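The values are calculated or read from the model by the stated rules, or taken from the named source; none is laboratory data. All of these numbers come straight from a predicted model, not from anything done at the bench. Cβ atoms come from the backbone with ideal geometry, glycine included; neighbour counts cover every protein chain shown.
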Amino acid sequence: MNPIRASAPGSFMVMGEHAVLHGQPALVASTDLRLTVTATPRQDGRVSLRREGQTHEGPWPGLDDHPAFRFALVGLRKVGVPEGGLDLRFESDMPDTVGLGSSAAVTVATLAAVQGLSLPAEAQRRWDESVQPLDQTVQSLDNRLALFRATREVIREVQGTGSGADAAASVFGGLVALEDGEPRRLSAGLPEMALVYCGYKTPTPEVIRKVDAQLETIPALRNLFPAMGEVTRTAIATAEAGNWAAVGQAMDAYQGHLDALGVNTPELEAILTALRRMPGLLGAKISGSGLGDCALGLGAALTGPLPGTVLPVRPGTEGVKRERIA
């Protein structure tokens with residue numbers, strides 16, 4: 001059986017952080033940076049996972065957990081491993097220090113690659129067709145939705161929570177709205193943007209725990225989430241209409257809610273201030289759960305230094321892809 005190679009893009013949040021965990025919509029975009037998984041069958045009943053500088057191997061089932069491969073391992077336990085065992089090799093364009101939805105990307109690519117090993121040629125052809133744009137066939141939507149839902153389950157099992165917004169971007173590609181827990185790919189693509197890293201990142205589950213603790217102390221903060229949801233709905237509608245100035249205004253409004261929620265930091269605020277001085281800027285906000293990581297500027301023509309690292313990231317258009325290696 002020939003190896004299967006699958007790749008999935010990273011992602012970043014345009015709108016919907018935190019509120020999406022409380023039933024509100026989100027707007028997320030895929031990046032042009034991708035994570036690739038190559039799955040090769042074995043004959044000795046063992047599983048090997050390899051990425052640059054790290055290897056984890058042992059008999060299957062029974063392979064111990066490993067922090068560098070936890071999403072892949074949980075995914076393997078859900079979809080199963082070929083009887084003879086499996087080699088998985090991971091390669092990534094994404095820097096390890098920045099979020100960019102890498103956990104979702106590795107899960108999507110792992111599930112797609114391992115599933116592909118067991119598909120006969122005709123089923124593989126149908127799956128290949130299913131990763132074309134969503135308006136192709138109902139079957140394409142069903143296949144992508146199944147992969148999205150499986151990825152979301154893995155993320156929730158590992159992290160204890162997760163909206164699936166980053167999984168939606170990795171599966172579908174482009175600009176994706178998540179409404180009532182279901183993804184919808186928009187026809188629009190983001191204009192020029194800048195994603196700026198502040199120099200450190202607080203793990204998302206830790207940020208969520210801190211926010212939850214604040215909600216227990218100040219229950220009135222929960223009133224922010226419906227307002228955040230309304231701002232996100234405005235951003236989705238105006239993005240579909242191509243009104244990026246209105247999307248930028250919604251981003252600025254959403255940042256005010258993130259400030260009130262307590263997830264901004266002096267480092268992120270310095271980046272946002274610098275972005276807002278850029279000519280042509282349409283809007284700026286934190287991208288991600290906050291307490292570190294990135295800020296997003298929409299429509300910014302970067303004309304001067306920023307108090308952070310501008311990431312070499314552009315919006316992407318392609319979701320998950322898979323091929324059989326000859």
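A single member of 250, 194, 235 is among the aliphatic types (A, V, I, L, M), under 21 Å from residue 173 (Cβ atoms), touching a helix residue (DSSP H, G or I) at 6+ places or on another chain (Cβ under 6 Å) and in contact (Cβ under 8 Å) with a residue 40 or more places away in the chain, and it is 235. Scanning the range 151-191 for residues that are closer than 21 Å to residue 231 by Cα and assigned to a loop (DSSP other than H, G, I, E, B) gives 162, 163, 164, 174, 180, 181, 186, 187, 188, 189, 190, 191. When residue 263 is tested against (1) farther than 23 Å from residue 224 by Cα; (2) of a type outside the set (Gly, Ala, Ser); (3) buried (at least 16 other Cβ atoms within 10 Å of the Cβ), just one condition goes unmet, and that condition is (1).
Taking the conditions (1) assigned to a helix (DSSP H, G or I); (2) at pLDDT below 90; (3) of a type outside the set (A, V, I, L, M, F, W, C) in turn, residue 132 satisfies each one other than (1).
I need the full set of residues from the range 255-265 which are in a helix (DSSP H, G or I) and within 19 Å of residue 202 (Cβ to Cβ), in order please. Don't jump to the end; show me each part of the working.
The initial filter retains those residues of the range 255-265 that are in a helix (DSSP H, G or I), namely 255-261.
Result: 255, 257, 258, 259, 260, 261.
Has the range 234-251 got any residue that is under 23 Å from the mean Cα position of the chain (by Cα), charged (D, E, K, R), modelled with pLDDT of 95 or more and surrounded by fewer than 18 Cβ atoms within 10 Å (Cβ to Cβ)? No: the range 234-251 contains no residue that is under 23 Å from the mean Cα position of the chain (by Cα), charged (D, E, K, R), modelled with pLDDT of 95 or more and surrounded by fewer than 18 Cβ atoms within 10 Å (Cβ to Cβ).
Candidates are the residues of the range 176-191 that are surrounded by 24 or more Cβ atoms within 10 Å (Cβ to Cβ) and not small (Gly, Ala, Ser); the one that is farthest from residue 22 (Cα to Cα) is 176. The strands (runs of 3 or more DSSP E) found wholly in the range 1-115 and carrying at least 2 residues that are crowded, with 21+ Cβ neighbours inside 10 Å occupy 4-15, 26-41, 46-51, 85-92. Residues that are among the hydrophobic types (A, V, I, L, M, F, W, C) and modelled with pLDDT under 95 within the range 48-68 comprise 60, 63, 68, listed in sequence order. Within the range 173-189, the set of residues being in contact with a Phe, Trp or Tyr (Cβ under 9 Å, 6 or more places away or on another chain) and of a type in the set (S, T, N, Q) is empty.
Can you name the residue in the range 69-91 that is of a type in the set (A, V, I, L, M) and closer than 19 Å to residue 5 by Cβ and is also modelled with the lowest pLDDT among such residues?
So the first thing to find is which residues in the range 69-91 are of a type in the set (A, V, I, L, M), and the list is 72-74, 76, 79, 81, 86, 88.
Those still in the list that are closer than 19 Å to residue 5 by Cβ too: 72, 76, 79, 81, 86, 88.
Details: 72: 95, 76: 93, 79: 85, 81: 90, 86: 94, 88: 96.
My answer is 79.
Residue pairs whose Cβ atoms lie under 7 Å apart, separated by 6 or more positions or on different chains, with the first residue in the range 137-151 and crowded, with 16+ Cβ neighbours inside 10 Å and the second part of a helix (DSSP H, G or I) and at pLDDT below 80, are 140/129; 140/130; 143/127; 143/130; 144/130. Filtered by the rule that a residue be hydrophobic (A, V, I, L, M, F, W, C) and more than 13 Å from residue 21 (Cα to Cα), the range 216-237 gives 218, 220, 221, 227, 231, 235, 236, 237. Residue count for the range 212-247 under the criterion of being in a helix (DSSP H, G or I) and either within 17 Å of residue 193 (Cβ to Cβ) or touching a strand residue (DSSP E or B) at 6+ places or on another chain (Cβ under 6 Å) (or both): the result is 9. Scanning the range 167-202 for residues that are of a type in the set (Gly, Ala, Ser) and under 16 Å from the mean Cα position of the chain (by Cα) yields 167, 168, 169, 170, 173, 174, 177, 181.
Just the residues that are assigned to a strand (DSSP E or B) and of a type outside the set (Lys, Arg), please, taken from the range 269-306. Reasoning before the result, please.
First, pick out the residues of the range 269-306 that are assigned to a strand (DSSP E or B): 283-287, 294-298.
Passing the criteria: 283, 284, 286, 287, 294, 295, 296, 297, 298.
Within the range 299-323, work out how many residues are over 17 Å from residue 166 (Cβ atoms) and in contact with a helix residue (DSSP H, G or I) (Cβ under 7 Å, 6 or more places away or on another chain). Residues that pass the stated criteria total 6.
The one condition from (1) β-branched (Val, Ile, Thr); (2) outside the structural domain of residue 263 (by TED's automatic domain parsing); (3) modelled with pLDDT under 90 that residue 320 does not meet is (3). Can you name the residue in the range 192-228 that is of a type in the set (Phe, Trp, Tyr) and crowded, with 18+ Cβ neighbours inside 10 Å and, of all such residues, is farthest from residue 98 (Cα to Cα)? It comes out as 225.
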